[in-house]
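The values are calculated or read from the model by the stated rules, or taken from the named source; none is laboratory data. It should be emphasised that the depicted structure is a prediction, and the values quoted were computed from it without experimental measurement. Positions of Cβ are generated from backbone atoms using ideal geometry, with glycine treated the same way; all protein chains shown enter the neighbour counts.
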Amino acid sequence: MKKTFAHGGNTEEVSRAFGIREEQITDFSSNVNPFDLPHSVLRAIDSNIRNISRYPDRESLKLKVALGKHLDIDSKHIVIGNGSGDIITAVRLTS
């Protein structure tokens with residue numbers, strides 16, 4: 001029989017089992033931000049929502065340039081990926 005696994009913990013179940021309010025539980029088993037989004041992020045999303053139907057730049061050039069300027073490093077030394085797994089795979093494929 002094949003087992004299925006859900007990503008992240010079951011905070012509702014933990015809450016019941018230990019008598020802890022669910023909002024007091026921080027789930028470190030998934031990549032979830034437990035904090036509200038900063039207002040600056042909400043404004044950026046709001047002002048760019050019309051672009052949601054477009055694919056992002058595969059090379060993330062604008063982001064790399066902006067980070068390079070902010071960090072005072074050459075943007076060619078910046079790697080952008082979709083999570084750590086994506087970056088690890090990219091490194092493995094280039095070695």
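Brief remarks follow.
- Test: residue in the range 37-49 that is modelled with pLDDT under 90, hydroxyl-bearing (Ser, Thr, Tyr) and not assigned by TED's automatic domain parsing to the domain that holds residue 84: no
- Odd one out for residue 56, checked against (1) more than 30 Å from residue 11 (Cβ to Cβ); (2) not in a loop (DSSP other than H, G, I, E, B): (2)
- Screening the range 1-36 for residues that are acidic (Asp, Glu) and surrounded by 10 or more Cβ atoms within 10 Å (Cβ to Cβ) and picking the one that is modelled with the lowest pLDDT gives 27.
- Boolean, residue 61 is within 19 Å of the chain's Cα centre (by Cα), at pLDDT 90 or above and assigned by TED's automatic domain parsing to the domain that holds residue 86: yes
- Beta carbons closer than 7 Å, at least 6 apart along the sequence or on distinct chains, pair a first residue in the range 66-95 that is not assigned by TED's automatic domain parsing to the domain that holds residue 30 and among the β-branched types (Val, Ile, Thr) with a second that is in a helix (DSSP H, G or I) and surrounded by 10 or more Cβ atoms within 10 Å (Cβ to Cβ) for 78/64; 78/67; 78/68; 79/87; 80/63; 80/64.
- From the list 73, 80, the lone residue that is at pLDDT 95 or above, within 24 Å of residue 91 (Cβ to Cβ) and not in a helix (DSSP H, G or I) is 73.
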